1. Test Asn145 against the stated conditions and say whether it is assigned to a loop (DSSP other than H, G, I, E, B), out of contact with any Phe, Trp or Tyr (no Cβ under 6 Å at 6 or more places or on another chain), modelled with pLDDT of 95 or more and crowded, with 16+ Cβ neighbours inside 10 Å.
2. For the range 213-231, which residues satisfy the criterion of being open to solvent by 30 Å² or more (accessible area, probe 1.4 Å), touching a helix residue (DSSP H, G or I) at 6+ places or on another chain (Cβ under 8 Å) and closer than 30 Å to Val45 by Cβ?
3. Taking Val74 as meeting all but one of (1) hydrophobic (A, V, I, L, M, F, W, C); (2) over 28 Å from Arg208 (Cβ atoms); (3) buried (at least 20 other Cβ atoms within 10 Å of the Cβ); (4) in contact with a helix residue (DSSP H, G or I) (Cβ under 6 Å, 6 or more places away or on another chain), write down the number of the exception.
4. Residues being under 23 Å from Phe151 (Cβ atoms) and either surrounded by 18 or more Cβ atoms within 10 Å (Cβ to Cβ) or touching a strand residue (DSSP E or B) at 6+ places or on another chain (Cβ under 6 Å) (or both): count how many of those fall in the range 9-57.
5. For the range 165-190, give me each residue that is in a helix (DSSP H, G or I) and either closer than 23 Å to Ser65 by Cβ or aliphatic (A, V, I, L, M) (or both).
6. What are the residue pairs meeting all of these: first residue in the range 43-54, first residue not aliphatic (A, V, I, L, M), second residue not in a helix (DSSP H, G or I), Cβ atoms under 6 Å, and 6 or more apart or on different chains?
7. I'm trying to understand the selection: among the residues of the range 154-182, which are open to solvent by less than 10 Å² (accessible area, probe 1.4 Å) and within 23 Å of Thr50 (Cα to Cα)?
Amino acid sequence: MKKGIDAPFVPVLFIVAGVLGIIPAYNSHNPYNLIFPVIMITMAVLFIHTSLFGKYRIIHQVVSSLNIPKDSKVLDLGTGHGAVLLEVAKKLKSPGKVIGIDIWQSADQSSNSQSATQHNIKQADVEEVAKIQTANMTSLPFTDNEFDYVFASFAIHNVKPKKQRELAISEALRVLKDNGQLIIIDMEHIGEFKRYLIEHECIVNVHRTGINGIWGWIPTSVINAKSTQPK
């Protein structure tokens with residue numbers, strides 16, 4: 001499948017800072033001055049590893065841990081290249097369906113485009129159950145109580161400011177069926193998301209993902225929230 005590096009400018013900055021720091025550190029003949037450039041390059045390596053390999057392992061583990069019925073209707077917010085979409089699609093059989101939505105910004109993920117994701121769907125041979133469309137997660141074009149599961153993988157943190165992030169979660173809960181599950185995989189605003197979900201009467205479980213989810217120095221967490229509020 002076609003992949004892209006998330007927030008591609010971030011590891012570039014780490015590498016540039018590391019390389020620029022190595023020269024004066026070497027010339028100083030003080031080994032302690034190498035600490036900063038080594039840390040920068042290490043963070044770049046961790047970031048790229050998570051982006052190209054680690055996050056896919058996390059997504060596979062998360063989706064595999066869920067008992068998703070074959071006829072479920074699933075929504076994937078900020079689908080990007082379709083990492084969650086494709087994992088979920090493997091579990092479904094028509095009339096089950098997974099829909100991925102995105103606004104296809106390359107700043108969020110390199111080579112991010114609807115055509116690239118459609119290619120991944122075709123390559124995985126899941127066109128019968130996997131669909132994508134352009135839509136904003138803060139204004140979902142779906143009816144209330146439509147989905148059994150809603151996923152947001154490394155997506156909601158890109159929404160700014162806080163009120164818009166809350167709106168995105170509110171929209172996810174709106175389209176989620178009673179007792180449906182919202183799964184957020186992200187590395188920022190975890191406490192904020194958890195508080196908002198609890199305030200809206202969700203049962204919330206949060207856990208960290210380990211080495212596969214380190215974005216430079218920031219760890220990835222998985223939030224599994226079950227909607228209990230009647231709509």
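The values are calculated or read from the model by the stated rules, or taken from the named source; none is laboratory data. Fair warning: this is a prediction, and the values are worked out from it, not measured in the lab. When we count neighbours, we look across all protein chains shown, and the Cβ atoms used for this are built from the backbone with ideal geometry, even at glycine. Surface accessibility is based on the protein's heavy atoms, side chains included, excluding ligands, DNA and RNA. Shrake-Rupley method; radii C 1.70, N 1.55, O 1.52, S 1.80 Å.
1. no
2. Across the range 213-231, the qualifying residues are Ile214, Trp217, Pro219.
3. (2)
4. Residues meeting the conditions: 6.
5. Of everything in the range 165-190, those that are in a helix (DSSP H, G or I) and either closer than 23 Å to Ser65 by Cβ or aliphatic (A, V, I, L, M) (or both) turn out to be Leu167, Ala168, Ile169, Ala172, Leu173, Val175, Ile190.
6. These pairs meet every condition: Phe47/Trp215; Phe47/Gly216; Thr50/Ile214; Thr50/Trp215; Ser51/Ile5; Ser51/Asp6.
7. Result: Ala155, Ile156, Leu182.
Each row is one residue, and each column tells you yes or no for (1) hydrophobic (A, V, I, L, M, F, W, C); (2) in a helix (DSSP H, G or I); (3) surrounded by fewer than 24 Cβ atoms within 10 Å (Cβ to Cβ).
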site: Gly80; (1), (2), (3): no, no, no
site: Trp104; (1), (2), (3): yes, no, yes
site: Ile132; (1), (2), (3): yes, no, yes
site: Thr138; (1), (2), (3): no, no, yes
